[in-house]
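The values are calculated or read from the model by the stated rules, or taken from the named source; none is laboratory data. Given the structure is predicted, the values throughout are model-derived calculations rather than measurements. Counting neighbours? That spans all protein chains shown, and the Cβs are built from the backbone with ideal geometry, glycine included.
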């Protein structure tokens, strides 16, 4: 793990125990998050991106648990940490911004108390000092001082989302995991939110993992992008590289599905065939093979490995990986 | 190169097929399969369903389970559970081969049998009665036998038995347990059959008798009938009135809705038992009045829940969609709102029955509501309270019965709630 | 000074309540003020409706209340006289008006039977008795219920949870009068450790000075330890009976609400900020879960009063509940009417108090 990598996930698998059986929502996923970058994590609903996000601070409870893997955060393997040690990291070093700010805020707690409580949980601080720090933070994020004693239901959606961000920043976290932060916002508010993210990254030196199903958001604000499908990491690379030249058939299909304003009436909208798999009984080998237009027999037998196809552009596909049993030749990508 | 059509594995089931498969599987199998799905809550509902079925059976055919009729005085008073009643029995000398009182009958003109009894105890009266009724019966028979004993009274048990031993008496009638205590001292004497109610004691008194000699166990079984009648009737009446009112109020939402809701909320907030007390006090004691009183109590519950659900469903998009397609109100109520309301109503119904039985028992415990001639658990409890120092079985068992029946129905309601409200299940 | 205990209690509870209300009103925001006023205004119709229901129900009886109250001794002239005295021959509207006026002025008239005492006097002895029973029972029920419910919710799907769920279902199914009888049997008859009827030992009772008519408090005030001990012992079984039955409902309610609250997103979000688990359960979740429970506490008053009627009958506790039953059996309809009206007032006031407390706890309601 190099020094510019803030978080390194190695071979992570997360299982859910349900009444129908065990679901492996994330299988053998590895991902590096670099310091100071905004990494977009995209995929369909149910592909495991939220699960992965929660796993970063080991937030799972109940039926979900981490089955295997290593979580190297800033040189420490979080898998070896006790629950109490993890609790000290949550909110202080890794922060999380949730999707729906209305339900993510305690309805009977004043907005400012959310932050002062967080501060006082992690650092010895008086009520007054904590409140003052909270006020300053709110001001920086554009929440007017007369609103700080409000209850969540008295604020607008955009403001609540800013409160969520301030909660994540209250203790100067190094990594912010934003789980679908703009899904519940309308387009204009979403644009402002993304601008704010960029500013904060500059000012506070944040590293942001932006989880979303909206490729447009990723294209606009992320430095790198990671594409997940059915619990596997399909493709990882710089945003320009991946968007200009998507290598994984799934990414190709995904990008083709985005309606293009230059389409004429004669063109039809592209639809990817098939449906997302049932994860209780997932497809064997590469989980995308039932829908893949380029599938080979080996794809249903063995899962490929996430490997660099060219430079830092990683892909999880037999098209680009060598194997003695492969029927088709490996595609070589030029740099 | 493989194409999407050559998939070796179905990635997602056809939406209709698993439902069809489920329909093919029989009901019984479905019930058993659901056990795996629902876990312990399934057991809750299953056990309670069995209990409920059992109680309903008891209520429909109590005679098949109860040894006696509930109102008949079949035994001695205050008999403890499973104790042997101390009946008066016939005791004869070793040489005699009589066992029953009847055996002592003689031809008219022959020597009348002399029977000894203790002075000042009711055995003499019982003996007289039995002898008379046997005599009446003998008159109709061709053999021409008659039973006209001469009754000789003694001061002590010993004297009585001694006289028999000495041959001065044909037989002696004494209490069974009394005799057995001293039987060793009179080796020549033999115990015969009880002279009264032999058929009555055949069943024994499993749970004892109450203060006037009725069998507690039989009253318990027969009490199921009135309890369930009240429970079901009151709930059904409340349902038939409350649900339509709730549907109407929720759907129309006009001034009538507001007025109805105000009345219903006031009734709902008021203690139910007290309202029932007032109503039965006014109407008088009878089964029908109790049913009416309890039904009135529960109309607001059905009303509120149904109205709430109606309001919620009314706001759903699919109702708007239906309306925009021109559906009429009755149709919307019938096809969209009503089916959504049914699970809640079913839960309330089963809990309602439980509550109605409790309230009914409470009413009869207080002495209001049911006429005292009916075999009812509440009435039995009230009677038993006076004898709490001596006859513990009179209050223990009727109350236990109430609890079990109410438990059965509440468990069913509780289990159904967990099954119908999946949001409480672990995600 | 013969200060009616009825009035005394009214003042002791009413005065601080009134002061609190004024304080909240003055210091609260506009939204809170509006809410409180609305609630007060809406309570009046409820009392009105209930009182009127009582009035009409009582008048609907077949037969004449006076003649059945006087019994065979009543000559036609006597009946006519009493009827005229009670104004029963006047048109319904006039009677109704008079009834409403009487309710407002607490003029309940005299009992029809059993000594013709002013009903207010009888109630001033009975009402404190019921209070002495009902308040400790409610506290007991709340303690068992809320902590039991939170405990069960924290250990969901484990053995303790199912045990507590079973407890609450069984308790709910127990007829309260049977529980009382069984406790009497066990502790009174078999073990001889607790008294099973009445409020206080007769001999000791004569030495007690009645101020509020709540015997335990009176004994405390006058330092009469014998009386205090006796009153306390007599209080145990009835309170436990009523409290246990009520607790079943609270366990169930709290458990469901805490479970539901605990699955909320804001709990997960708080956990993501490193808030301690214990704080999450007993502060964040419980506070939110209590909101629906508070509304239901108001409705439990109904169950409380019904339970009180039965408990008082079982333990021969001379409170309002047993008074009601006695008066009904004695066909004393004036008294019955008065008692039910007082109950209605009580329920309405508690409802109002609960609503106001609710608005203080849940800020969403007032804005």
Exclusive hit being farther than 24 Å from residue A:40 by Cα, away from every other protein chain (no Cβ under 11 Å) and loosely packed, with under 13 Cβ neighbours inside 10 Å, set A:334, A:240:
A:334
What residue, of B:299, B:221, B:291, is in contact with a helix residue (DSSP H, G or I) (Cβ under 8 Å, 6 or more places away or on another chain), within 14 Å of chain C (Cβ to nearest Cβ) and surrounded by 18 or more Cβ atoms within 10 Å (Cβ to Cβ)?
B:299
Qualifying positions in the stretch B:102-140 - loosely packed, with under 15 Cβ neighbours inside 10 Å and either farther than 29 Å from residue B:177 by Cβ or more than 42 Å from the chain's Cα centre (by Cα) (or both):
B:107, B:108, B:109, B:110, B:111, B:119, B:136, B:139, B:140
With respect to residue A:119, determine if the residue is in contact (Cβ under 8 Å) with a residue 60 or more places away in the chain and within 14 Å of chain C (Cβ to nearest Cβ).
no
Selection from the stretch C:148-174 of residues that are touching a residue at least 24 places away in the same chain (Cβ under 8 Å) and either within 19 Å of the chain's Cα centre (by Cα) or farther than 27 Å from residue B:405 by Cα (or both):
C:150, C:153, C:154, C:156, C:172
Within the stretch B:321-362, work out how many residues are more than 25 Å from residue B:407 (Cβ to Cβ), touching a helix residue (DSSP H, G or I) at 6+ places or on another chain (Cβ under 9 Å) and part of a helix (DSSP H, G or I).
12
Of the residues in the stretch C:31-43 that are within 26 Å of residue C:337 (Cα to Cα) and within 11 Å of another protein chain (Cβ to nearest Cβ), the one that is farthest from the chain's Cα centre (by Cα) is C:42
For the stretch B:237-247, how many residues are touching a helix residue (DSSP H, G or I) at 6+ places or on another chain (Cβ under 8 Å) and surrounded by fewer than 19 Cβ atoms within 10 Å (Cβ to Cβ)?
2
Residue match in the stretch B:306-314 (condition: more than 22 Å from the chain's Cα centre (by Cα), at pLDDT below 85 and within 14 Å of chain C (Cβ to nearest Cβ)):
yes
Could you please let me know if residue C:275 is under 30 Å from residue A:120 (Cα atoms), at pLDDT 80 or above and more than 8 Å from chain B (Cβ to nearest Cβ)?
yes
Residue satisfying condition, being at pLDDT 70 or above and assigned to a helix (DSSP H, G or I), within set C:9, C:19:
C:19
Anything in the stretch B:363-389 that is more than 19 Å from residue C:185 (Cβ to Cβ) and part of a loop (DSSP other than H, G, I, E, B)? List them, or say none.
B:366, B:367, B:368, B:369, B:370, B:371, B:372, B:373, B:374, B:375, B:376
Out of the stretch A:250-273, which residues are at pLDDT 80 or above and away from chain B (no Cβ under 14 Å)?
A:251, A:252, A:254, A:255, A:256
All but one of (1) modelled with pLDDT under 80; (2) out of contact with any strand residue (DSSP E or B) (no Cβ under 6 Å at 6 or more places or on another chain); (3) buried (at least 16 other Cβ atoms within 10 Å of the Cβ); (4) more than 14 Å from chain B (Cβ to nearest Cβ) hold for residue C:140, so report the exception by its number.
(1)
Subset tally (residues that are outside any helix (DSSP H, G or I) and at pLDDT 70 or above) for the stretch C:22-75
1
Output for the stretch B:373-389, where each listed residue is facing chain C (nearest Cβ under 9 Å) and at pLDDT below 85
B:388, B:389
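If I go through the stretch A:234-244 residue by residue, how many of them are touching a residue at least 40 places away in the same chain (Cβ under 8 Å) and either over 20 Å from the mean Cα position of the chain (by Cα) or over 19 Å from residue A:331 (Cβ atoms) (or both)?
Count: 2.
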Residue within the stretch A:181-198 that is touching a strand residue (DSSP E or B) at 6+ places or on another chain (Cβ under 6 Å), closer than 17 Å to residue A:50 by Cβ and modelled with pLDDT under 90 present
yes
Taking into account only those residues within the stretch A:144-171 that are free of Cβ contacts under 8 Å to residues at least 24 places away in the same chain and outside any helix (DSSP H, G or I), which is nearest to residue A:190 (Cα to Cα)?
A:156
Could you say whether any residue in the stretch A:69-91 is within 14 Å of another protein chain (Cβ to nearest Cβ), part of a loop (DSSP other than H, G, I, E, B) and closer than 14 Å to residue A:56 by Cα?
yes
Taking into account only those residues within the stretch A:10-24 that are over 17 Å from residue A:306 (Cβ atoms) and surrounded by 16 or more Cβ atoms within 10 Å (Cβ to Cβ), which is modelled with the highest pLDDT?
A:15
Taking the conditions exactly as written (over 16 Å from residue C:133 (Cβ atoms) and within 10 Å of another protein chain (Cβ to nearest Cβ)), does residue C:267 satisfy them or not?
yes
Test: residue in the stretch B:325-333 that is over 26 Å from residue B:242 (Cβ atoms) and more than 13 Å from chain C (Cβ to nearest Cβ):
yes
Give the number of residues within the stretch C:169-211 that are within 14 Å of another protein chain (Cβ to nearest Cβ) and outside any loop (DSSP other than H, G, I, E, B).
20
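Collect the residues in the stretch A:274-287 that are surrounded by 24 or more Cβ atoms within 10 Å (Cβ to Cβ) and either within 7 Å of another protein chain (Cβ to nearest Cβ) or in contact with a helix residue (DSSP H, G or I) (Cβ under 8 Å, 6 or more places away or on another chain) (or both), keeping them in residue-number order.
A:286, the sole residue that qualifies.
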With the condition being on the phi < 0 side of the Ramachandran plot, modelled with pLDDT of 75 or more and within 14 Å of another protein chain (Cβ to nearest Cβ), I'd like the helices (runs of 4 or more DSSP H) fully within the stretch B:13-103 carrying at least 1 qualifying residues.
B:40-60
